[in-house]
Amino acid sequence: STRDQPKSSVAYHSSSLQEAIRLRTRLTAELNEALRTDQFALYLQPQVDAQSGALVGAEALLRWNHPVRGLVSPADFIPAVEESGLASDVFAWVMEEACRILKLWQGRLRGTISLNLSGSQLADAGLATSVMETLRRHDVPAGAVRLEVTEDSLIRDMDAAVTTLRDLSEAGVSTSIDDFGTGYSSLQYLARLPVDEIKVDRAFVQALPGEPRDTALVQAIANLADAYDLRVVAEGVETDEQAREVRRIGCSVIQGFLFGRPAPLEVFEATWLSG
Ligand code: C2E
Ligand code: MG
Ligand code: MG
Ligand code: MG
């Protein structure tokens, strides 16, 4: 058996490593091809005012229409995008598409479109400049987009993050901390960061209504955000009960399946746009 033959075991490991490398190389090639042949799409999910239910914006969520595998979720390819060094190329595509949508729906879409940044982009000193260049080229005002960074990626390089977020916010682009509450950042960072919004991670929202301790945690986040004059979005609201609870706690915006799933442009347009 292989257990008695260390040589073949080494061969096995090395071939599985080679296999992993081969898969990754293929995925990188496929991602490049996807960029070149327009296999990506933005889905939009509504964000509504917690009190009135009126549309206040939308989050753009990337989808990959893979020729063989069909619709691939970002959780399954964003890590490969990062590792392949393609984060800024993919983001450039996302920015172009978002600007196209904003132009197309000018005067009809109420609120901002939020876009997700990859962690590695926080260290990109040219990010704000290239964002502004794209906005200008499409004649879209800076205030029409909002850029989200996860709390997790902020913590990994706080100094670079502060610089990049400051550049963006000085240029008039709104910024947001995504998945807030999961990254264990010190709360004092919140005062230091030039952000306009925090998004309470859906793990907390979906625990509501529940243990008084969980409720107290979301309440503390909402109070802090209020003190710093930040917009608080409750992510992942799926039930009326959760909506009631985050409203009571003081979250200003709700995003979740209860109000709408991420949807292709035509579906979002038919549901949320007037005129
Ligand atoms: P995220 O930015 O936190 O986006 C919210 C995710 O939660 C989305 O998953 C959305 O479909 C899902 N969601 C929204 N409401 C509900 C709900 O009520 N219940 C449940 N169970 N889920 C809900 P999605 O679209 O699969 O995206 C996953 C993650 O992939 C995003 O999390 C974001 O981190 C990343 N991502 C998406 N688009 C992009 C992109 O263009 N660039 C980068 N770098 N990352 C992206
Ligand atoms: Mg997000
Ligand atoms: Mg999130
Ligand atoms: Mg997330």
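Of all residues in region 136-153, exactly one satisfies the criterion of being in contact with a Lys or Arg (Cβ under 8 Å, 6 or more places away or on another chain) and open to solvent by 80 Å² or more (accessible area, probe 1.4 Å), namely Asp139.
For region 72-85, a residue qualifies if it is away from ligand 4 (no atom under 16 Å from the Cβ) and touching a Phe, Trp or Tyr at 6+ places or on another chain (Cβ under 7 Å), and exactly one does: Val72.
Note on region 95-110: residues that are open to solvent by 10 Å² or more (accessible area, probe 1.4 Å) and under 17 Å from the mean Cα position of the chain (by Cα) amount to 2.
Reported count of residues in region 237-248, each being within 9 Å of ligand 1 (Cβ to nearest atom) and buried (at least 19 other Cβ atoms within 10 Å of the Cβ), is 2. Look at (1) acidic (Asp, Glu); (2) modelled with pLDDT under 95; (3) in contact with an Asp or Glu (Cβ under 9 Å, 6 or more places away or on another chain) and you find that Glu59 fails only one, number (2).
Are any of the residues in region 205-216 within 16 Å of ligand 4 (Cβ to nearest atom) and under 18 Å from Glu59 (Cβ atoms)? Yes.
Does Leu217 qualify as being open to solvent by less than 50 Å² (accessible area, probe 1.4 Å), more than 16 Å from ligand 3 (Cβ to nearest atom) and aliphatic (A, V, I, L, M)? Here the answer is no, as Leu217 does not meet what is asked.
Annotation: of all residues in region 154-180 being open to solvent by less than 20 Å² (accessible area, probe 1.4 Å) and among the hydroxyl-bearing types (Ser, Thr, Tyr), the one that is farthest from Gly111 (Cα to Cα) is Thr164. Counting the residues of region 166-178 that are without any contact (Cβ under 8 Å) to a residue 40 or more places away in the chain and within 16 Å of ligand 1 (Cβ to nearest atom) gives 2.
Return the only residue of Arg213, Arg247 being modelled with pLDDT of 95 or more, of a type outside the set (A, V, I, L, M) and out of contact with any Lys or Arg (no Cβ under 8 Å at 6 or more places or on another chain).
Values: Arg213 fails: modelled with pLDDT of 95 or more.
It is Arg247.
Taking the criterion of being more than 19 Å from Ser176 (Cα to Cα) and either at pLDDT 95 or above or touching a strand residue (DSSP E or B) at 6+ places or on another chain (Cβ under 7 Å) (or both), the residues of region 216-244 that qualify are Glu238, Thr239, Asp240, Glu241, Gln242, Ala243, Arg244. Checking each residue in region 181-211 for being under 12 Å from Glu245 (Cα atoms) and either away from ligand 3 (no atom under 15 Å from the Cβ) or open to solvent by less than 50 Å² (accessible area, probe 1.4 Å) (or both) picks out Phe204, Val205, Ala207, Leu208, Pro209, Gly210. Scanning region 46-90 for residues that are surrounded by fewer than 20 Cβ atoms within 10 Å (Cβ to Cβ), of a type in the set (Gly, Ala, Ser) and in a loop (DSSP other than H, G, I, E, B) yields Ser52, Gly53, Ala54, Ser73, Ser84, Gly85. For region 134-165, filtered to residues that are within 15 Å of the chain's Cα centre (by Cα) and of a type in the set (Asp, Glu), the residue that is nearest to Gly57 (Cα to Cα) is Glu148. Filtering region 259-275 for residues that are touching a helix residue (DSSP H, G or I) at 6+ places or on another chain (Cβ under 8 Å) and farther than 28 Å from Leu62 by Cα leaves an empty set.
The values are calculated or read from the model by the stated rules, or taken from the named source; none is laboratory data. None of these values were measured; they are calculated from a predicted model. Cβ coordinates were reconstructed from backbone atoms using ideal geometry, including for glycine residues, and neighbour counts include every protein chain displayed. All accessible areas refer to the heavy atoms of the entire protein, side chains included, with ligands and DNA or RNA removed. Shrake-Rupley method; radii C 1.70, N 1.55, O 1.52, S 1.80 Å.
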